[in-house]
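What follows draws every value from the coordinates through simple rules; no lab data is involved. What you see is a predicted model, and the numbers here were worked out from it, not measured in a lab. When we count neighbours, we look across all protein chains shown, and the Cβ atoms used for this are built from the backbone with ideal geometry, even at glycine.
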Amino acid sequence: MTAPKFVLTFHSTGRFILDFGNTEHSEEHDMTRLSLTVSGMSCTGCEQRIAAVLGRLEGIALVEADHRAGTVVVDYDPASVDQAAITRRLDDAGYETTGTGSRR
């Protein structure tokens, strides 16, 4: 199994943004943006871990994690992965999702 290819950017706001470049999904399906409130993040290492854990799911195009705000934003293809799988993956990694909201 090969590791997913991605671009990791440290944004000027102090957030890590992981872009998986899954543009082929966005051409075939509408992408959905999921905004989560996540507890348990305490550092940039947590941000990187969350991005890596979610990036292993099929259909993930972008992950933005911000430990200071306690938020994770995920752009995903709902034809490939659903919100429950994303939150379950975070829970399995030891983080608790306490609020969600999706939009297209």
Highest mean packing first, using Cβ neighbours within 10 angstrom, the peptides 59-70, 83-94 sort as 59-70, 83-94
Contour minus Cα-Cα span, Glu58 to Arg33, at 0.36 nm per residue, comes to 7.5 nm
